[in-house]
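Heads up, the thing below is written out as structure tokens.
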Amino acid sequence: MPINRGTYTFVNRQSGTAMEMGTDHSLIGMPPKENETQKWEISPLGAGYSIRNQKSGKYLSVKSLLKDAPIVASDYPVAWFIREVRVHEENAIFYEIRWPMTDIMFELADSGSSTPKTKILLTDSHLTPDKHRARYWRANRVRQPSFYQPSSSANNTGSSTFSLTGLAEKWRLILPPKPTPTTQT
């Protein structure tokens, strides 16, 4: 099953560190936190997906397709192949992020080191299964604020409608009173 459009954090299976956009616009592993530098917008692009950092607005790209090449930020989107991997012994779903039509994929360096600021590089897929843990990423969907709230009549049907009153309550806004109709004589 392909990944859905949305905003995600990606946590490495081996280290438990999250994919983060470094201050030098390189891709690194860092302890997970609620930070915009660790949030990634996934959008369909051709036969693959673009990966855009929520804080910087930059897309993940590469300077070359050589082994151990760094993954870098770019103003231009490229299409990545994001492949679902089911790990039955953990009852979990992970993802490999690959350059399309190749065996080149993201890997947390140093066999998946949990040391902060460990680089995430491109590598080929010729590894023993025990080393693949550094290439698998758990995608955690980030909840985005919603301006939709169920109306009182929708509670029985399970559907949602836009509610300006609910929005005002949510953001503690004060709505002007409704005008009263006037009658002419």
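The values are calculated or read from the model by the stated rules, or taken from the named source; none is laboratory data. Predicted, not measured: the structure shown is a model, and the values here were computed from it. Glycine also receives a Cβ, built like all others from the backbone with ideal geometry; neighbour counts cover every protein chain displayed. SASA here: full protein model, heavy atoms, side chains in, ligands and nucleic acids out. Shrake-Rupley method; radii C 1.70, N 1.55, O 1.52, S 1.80 Å.
With respect to I51, determine if the residue is out of contact with any Lys or Arg (no Cβ under 9 Å at 6 or more places or on another chain), on the phi < 0 side of the Ramachandran plot and not in a loop (DSSP other than H, G, I, E, B). Let's see the steps before the verdict.
Details: out of contact with any Lys or Arg (no Cβ under 9 Å at 6 or more places or on another chain): yes; on the phi < 0 side of the Ramachandran plot: yes; not in a loop (DSSP other than H, G, I, E, B): yes.
Here the answer is yes, as I51 does meet what is asked.
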- Determine which single condition S111 fails, assuming it passes every other condition in (1) without any contact (Cβ under 8 Å) to a residue 60 or more places away in the chain; (2) at positive phi. (1)
- Has the range 101-109 got any residue that is loosely packed, with under 13 Cβ neighbours inside 10 Å and closer than 16 Å to Y49 by Cα? yes
- Query: Which residue, of S56, S15, is within 17 Å of S114 (Cα to Cα), outside any strand (DSSP E or B) and out of contact with any Asp or Glu (no Cβ under 7 Å at 6 or more places or on another chain)?
  - Reply: S15
- Which residues, counting only those in the range 2-29, are more than 22 Å from V85 (Cβ to Cβ) and open to solvent by 30 Å² or more (accessible area, probe 1.4 Å)? T23, D24, H25
- Message: Just to be sure I understand the filter: pairs with C-beta atoms under 7 Å, separated by 6 or more residues or on different chains, first member in the range 35-49 and in contact (Cβ under 8 Å) with a residue 40 or more places away in the chain, second member surrounded by 19 or more Cβ atoms within 10 Å (Cβ to Cβ) and of a type outside the set (A, V, I, L, M, F, W, C). Which pairs pass?
- Response: K39/T9; I42/Y8; I42/Y49
- Considering only the range 31-61, state which residues are open to solvent by less than 30 Å² (accessible area, probe 1.4 Å) and among the aliphatic types (A, V, I, L, M). I42, I51, L60
- Query: Within the range 62-80, how many residues turn out to be of a type in the set (F, W, Y) and crowded, with 17+ Cβ neighbours inside 10 Å?
  - Reply: 1
